[in-house]
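Read through the structure below, which is laid out as structure tokens, and then see the notes.
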Amino acid sequence: MKLIFLGSSFSIVWYMRYHKIVRRSYDKDQDTFRHYILILPCLILALLINEKFTFKEVMWTFSLYLEAVAILPQLVLLQRTRNIDNLTGQYVFLLGAYRALYIVNWIYRYFTEDHFVHWITWICGLVQTLLYADFFYYYFQSWKNNMKLQLPA
């Protein structure tokens with residue numbers, strides 16, 4: 001599963017960067033989110049709040065914090081452009097659904113496994129899912145009304 005995940009992730013990045021048709025859809029003027037401002041706060045938070053202060057643990061915690069907010073540039077871009085093509089809307093929806101299903105898994109495991117408590121992972125997953133909440137609302141509204149997905153400005 002990890003190989004499939006990594007392979008599909010690399011192929012998505014390749015398509016966005018090098019595929020002629022997909023690459024043309026990128027609008028640099030709309031994509032002004034300074035994504036690098038997410039990195040330093042996540043690193044500082046990982047140094048301050050982690051389960052054990054080792055290099056491996058801090059880096060793992062940093063990756064959790066960064067993953068929780070990594071969708072922000074995409075959501076901001078989608079909100080700026082307002083009109084979202086079908087493929088992009090479904091892709092972002094499935095990313096959010098994937099994270100929401102993780103929460104269902106954590107709830108199940110909490111009640112069925114002894115000592116299954118991972119506060120940092122849970123909070124990061126919850127934050128990430130909450131960031132998708134607004135998108136989910138408009139996604140379901142467009143689906144229910146059989147309309148093109150549009151986000152408010």
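The values are calculated or read from the model by the stated rules, or taken from the named source; none is laboratory data. In this text the structure is predicted, and so the values were computed from the model without any measurement. Backbone-built Cβ (ideal geometry, glycine too); neighbour counts: all protein chains shown. Remember, those area values only see protein heavy atoms, side chains included, never the ligands or the DNA or RNA. Shrake-Rupley method; radii C 1.70, N 1.55, O 1.52, S 1.80 Å.
Could you list which residues have their amide H under 5 Å from that of Ala70, counting only those 5 or more apart in sequence or on another chain, with H placed in the peptide plane?
When sequence neighbours closer than 5 places are left aside, there are no close amide H contacts.
Would you mind checking segment 121-153 for residues with the amide N under 18 Å from a putative spin-label position 7 Å along Cα→C-beta of Ile103?
121-141
Classify segment 94-153 as rounded, prolate or oblate, taking a ≥ b ≥ c as the square roots of the eigenvalues of its Cα gyration tensor: rounded when a/c is under 1.5, otherwise prolate if a/b is larger than b/c and oblate if not.
Cα axes put segment 94-153 in the prolate bin.
Can you pull out the GluC sites (Glu not before Pro) in segment 8-102 whose DSSP state is coil and whose Cβ has at most 16 other Cβ atoms within 10 Å?
Here the sparse-neighbourhood loop sites are Glu51.
If DNA, RNA and ligands are ignored and the probe is 1.4 Å, what is the ranking of His35, His19 by accessible area, most exposed first?
Most to least solvent-accessible, the answer reads His35, His19.
Could you tell me which of the pairs Lys28/Lys56; Lys20/Lys144; Lys2/Lys52 are separated by over 27 angstrom between their Cα atoms in the structure shown?
Going by Cα-Cα distance, Lys28/Lys56; Lys20/Lys144 fall outside the 27 Å limit.
Eigenvalues of the Cα gyration tensor times 5, then square-rooted: what semi-axes does that give for the chain, in whole angstrom, largest first?
For the chain, the semi-axes come out at 29, 20, 16 Å.
List residues of segment 53-73, by number, whose backbone nitrogen lies under 20 Å from a label position 7 Å along Cα→C-beta of His115.
53-54, 57
Would you work out what percent of the accessible area of segment 59-129, with all protein chains in place, is carbon or sulfur (probe 1.4 Å)? Write down the numbers at each step before the final one.
Details: 2840 of 4310 Å².
Carbon and sulfur atoms account for 66 percent of the accessible area of segment 59-129.
With θ taken as phi - 60° and the coefficients 6.51, -1.76 and 1.60, list the Karplus ³J(HN,Hα) couplings across segment 27-41 in order, rounded to whole Hz; mark glycine and proline as x.
10, 5, 5, 7, 8, 10, 5, 7, 4, 5, 6, 7, 5, 4, x
Report the accessible area of Val69, computed with a 1.4 Å probe over the heavy atoms of all protein chains in place, in Å² rounded to the nearest 10.
Rounded to the nearest 10, the figure is 30 Å².
Among 125-134, 108-117, what's the highest-first ranking by average C-beta atoms within 10 angstrom per residue?
Highest to lowest by the protection proxy: 125-134, 108-117.
Just to confirm, what accessible area per residue do you get for segment 31-145 at 1.4 Å probe, in whole Å²?
Per-residue value: 68 Å².
What trypsin sites (Lys or Arg not before Pro) does segment 27-65 have in DSSP loop regions with at most 12 other beta carbons within 10 Å?
Taking segment 27-65 and a limit of 12 other Cβ atoms within 10 Å, the loop trypsin sites (Lys or Arg not before Pro) found are Lys28, Arg34, Lys52.
Using only DSSP helix segments of four residues or longer, with each worth -39500 (n - 2.57), what per-residue ellipticity at 222 nm results for the chain after dividing by its residue count and rounding to 500? Working shown, then result.
Numbers: 7 runs with 110 residues, N = 153.
The helix-only estimate for the chain comes to -24000 deg cm²/dmol at 222 nm.
Take segment 1-72, drop everything but the C-alpha atoms, weight them equally and run the Debye formula without solvent; then report log10 I(q)/I(0) at 0.22, 0.24 Å⁻¹ to two decimals.
With one equal scatterer per Cα and no solvent, log10 I(q)/I(0) is -1.01, -1.04.
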